[in-house]
Amino acid sequence: MQHTVIDVLIYIFEHYAEDDVDVLDDHDRLRRQLREVGFEVNTIRHALDWLNELAMKAPESDLIVDSGTSVRCYSPEEQFRLDPACRGFLHYLEANGVLEFSSRELIIERVMALDVKGIDVEQLKWIVLMVLFNLPGYENAYFSMEDLVNDSAYSALH
């Protein structure tokens, strides 16, 4: 089976993010363990690059002020990767206080960095969870998102 970068990211997050921080710091060991599970070298490399870039990113909340009345217009490339269901899910998260303007933009940027043709809402949930996990001060948003991922509450609404 051909695994995607998203598959590797979800696997890392499920198995290592909260329990074994040492493994995340030791990329050689992590690469070895991921290879043993069956992920391909290039896919692992792309996933670890994505995680490294995420660790260096921070929301740019001071640079852009959200008036609360603005509407996010998606570029054609963003629309290609984030179908209407994904865009609706991001809007839902923002309307319910899980995301802010800046965290939403970071999530969109990270989706675009995946270099995949498109993602579904379930994959987007994991990406949101990973981004929030890496943002200081977003603990409550992370826990709200974790509940959505585990309970599939959003899926039940639609």
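The values are calculated or read from the model by the stated rules, or taken from the named source; none is laboratory data. Keep in mind that this is a model prediction, so the values were computed, not measured. No Cβ is skipped: glycine too gets one built from the backbone with ideal geometry, and neighbour counts run over all protein chains shown.
Side notes on the structure shown:
- Top-ranked residue in the stretch 101-128 [being among the small types (Gly, Ala, Ser) and closer than 24 Å to residue 45 by Cα; ranked as modelled with the highest pLDDT]: 113
- Evaluation of residue 146 against (1) in a helix (DSSP H, G or I); (2) closer than 30 Å to residue 42 by Cα; (3) modelled with pLDDT of 90 or more (one fails), failing number: (3)
- Verdict on residue 14 being assigned to a helix (DSSP H, G or I), at pLDDT below 95 and not assigned by TED's automatic domain parsing to the domain that holds residue 146: yes
- When the stretch 17-49 is limited to residues that are modelled with pLDDT under 85 and part of a helix (DSSP H, G or I), the one that is nearest to residue 149 (Cα to Cα) turns out to be 17.
- Among the conditions (1) at pLDDT 90 or above; (2) in a helix (DSSP H, G or I); (3) under 26 Å from residue 137 (Cβ atoms), the only one that residue 98 does not satisfy is (2).
- Test result for residue 87, in a helix (DSSP H, G or I) and modelled with pLDDT of 95 or more: yes
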